[in-house]
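Below is one structure; the comments refer to it alone.
The values are calculated or read from the model by the stated rules, or taken from the named source; none is laboratory data. Just so it is clear, the structure is predicted and the values come from calculations on it, not from any experiment. Every residue, glycine as well, gets a Cβ built from its backbone with ideal geometry; the counts of neighbours run over all protein chains shown. Please note that ligands, DNA and RNA were not included when accessible areas were found on the heavy atoms of the full protein model with its side chains. Shrake-Rupley method; radii C 1.70, N 1.55, O 1.52, S 1.80 Å.
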Amino acid sequence: MIGGDALFTSRLVQLAILAARYGVPAIYNWREFPAAGGLMSYGSSLTDAYRQTGIYTGRVLKGDRPADLPVLQPTKFELVINLRTAKALGLTVPDTLLARADEVIE
């Protein structure tokens, strides 16, 4: 499990390459990792978080006090699986997991 740290995110391609080189199946928290060659990711949707930020910004610009706005937690989560990486690692991804994935990279 690779956490959501700025150090890891800035080196996402290197981490994906190292995990593949040493045959380590890894799960990440953002969809950019499987897109770069990582095995899979499961985490909150950054797109949804940015959308919520825009809504909050609009409310503040319209006069709402930031202290009066509720604290929001992520509500949308994404599962992304890279089948090419799974095959390279010799892993078989169950069909039930593939059916639940929001995106499958082939």
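For this structure, a couple of remarks:
- Put a plus charge on the Cβ of each Lys and Arg, a minus charge on the Cβ of each Asp and Glu, and nothing anywhere else: the dipole of the chain about its Cα centre is then about 140 debye.
- A 1.4 Å probe run over region 22-99, with the rest of the protein chains in place, finds 67 Å² accessible per residue.
- Heavy-atom accessible surface of the chain: percent carbon and sulfur, 1.4 Å: 58 percent
- Start at zero, step by 5 Å, and the Cα-Cα distances of region 1-55 spread as 4, 21, 29, 21, 12, 7, 4, 2, 0 percent across the bins.
- Pairwise label distance in nanometres, PHE77 with PHE8, each label 7 Å out on the Cα-Cβ vector: 1.5 nm
- Phi angles across region 83-93 convert, under the Karplus curve 6.51 cos²θ - 1.76 cosθ + 1.60 with θ = phi - 60°, into 3J(HN,Hα) values of 5, 4, 5, 4, 5, 5, 8, x, 9, 10, 8 Hz, Gly and Pro given as x.
- Translational diffusion coefficient of the chain (Stokes-Einstein, Kirkwood radius from Cα pairs, 25 °C, 0.890 mPa s): 160 µm²/s.
- Placed amide H near ILE27: partners under 5 Å, 5+ positions off or other chain: ILE2
- For region 1-57, chymotrypsin sites (Phe, Trp or Tyr not before Pro) meeting the loop criterion (DSSP other than H, G, I, E, B) and having at most 11 other Cβ atoms within 10 Å: TYR22.
- Estimated [θ] at 222 nm from DSSP helical runs (n ≥ 4, -39500 (n - 2.57)) normalised by residues in the chain, nearest 500: -12000 deg cm²/dmol
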